[in-house]
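Novice: Here you go, one structure.
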Amino acid sequence: MKCMYCGCEDSKVIDSRSADEGRTIRRRRECVNCGKRYTTYETIEDTPVLVVKASGIRQAYDAQKVRNGIIKSCEKRPVSLNIIDEMVSNITKKVYNSMEQEVSSKKIGELVMDELKKVDEVAYVRYASVYRSFKDISSFMEELQKLMENNKN
């Protein structure tokens, strides 16, 4: 690591601490040449995951888009932001743990519905109605019947 003051490449680590909920390491360094101190941060390099939309367009996975969709479906429901953040975290882990560089938007939608089904059935039905774009009331009723059958089991 080059010293930002004199450009020397030798430094010693004075202190290391975890930051950003354990995803970053903060290091205080001291330059061997000039003796000045500076801070560096070490983070894990994210390998981008691309989302393949139905149209074939590819774009980077964005957890904020997933979060916004979940928030919209949970509007006026007793679901806290902590629970929503936990759902987004679970979905994001599953996307990155799949070890695939490209994931279909359909797969992400299914992951969202799986999480919503566990938390709030009304939010699940709201999300499913948009995601599956029900054409008529009968397709909507089919989904509700599947949900009710799963509850009985």
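The values are calculated or read from the model by the stated rules, or taken from the named source; none is laboratory data. Note that the coordinates shown come from a computational prediction; the quantities given were computed from them, not determined experimentally. Please note: Cβ atoms are built from the backbone with ideal geometry, for glycine as well, and neighbour counts cover all protein chains shown. Areas reflect the complete protein model, heavy atoms only, side chains present, ligands, DNA and RNA absent. Shrake-Rupley method; radii C 1.70, N 1.55, O 1.52, S 1.80 Å.
Novice: Which fully enclosed helices (runs of 4 or more DSSP H) of region 103-153 have 1 or more residues being among the hydrophobic types (A, V, I, L, M, F, W, C), closer than 25 Å to ASN82 by Cα and open to solvent by 50 Å² or more (accessible area, probe 1.4 Å)?
Specialist: 105-119, 121-131
Novice: Which residue, of ASP15, ASP46, ASP85, is under 15 Å from LEU116 (Cβ atoms) and either outside any helix (DSSP H, G or I) or in contact (Cβ under 8 Å) with a residue 12 or more places away in the chain (or both)?
Specialist: Being under 15 Å from LEU116 (Cβ atoms) and either outside any helix (DSSP H, G or I) or in contact (Cβ under 8 Å) with a residue 12 or more places away in the chain (or both) holds for just one of ASP15, ASP46, ASP85, which is ASP85.
Novice: Could you check TYR41 against (1) modelled with pLDDT under 95; (2) touching a Leu at 6+ places or on another chain (Cβ under 6 Å) and say which number it fails?
Specialist: Of the numbered conditions (1) modelled with pLDDT under 95; (2) touching a Leu at 6+ places or on another chain (Cβ under 6 Å), the odd one out for TYR41 is (2).
Novice: Next up: Inside region 5-20, can you point out the residues that are farther than 11 Å from GLY35 by Cα, of a type in the set (S, T, N, Q) and surrounded by 11 or more Cβ atoms within 10 Å (Cβ to Cβ)?
Specialist: Within region 5-20, just SER16 meets the criteria.
Novice: What number of residues within region 49-66 are in contact (Cβ under 8 Å) with a residue 12 or more places away in the chain and not in a loop (DSSP other than H, G, I, E, B)?
Specialist: 7
Novice: Restricting to region 21-43, and then to whatever is charged (D, E, K, R) and outside any strand (DSSP E or B), can you tell me which residue is surrounded by the most Cβ atoms within 10 Å (Cβ to Cβ)?
Specialist: Of everything passing the filter in region 21-43, LYS36 is surrounded by the most Cβ atoms within 10 Å (Cβ to Cβ).
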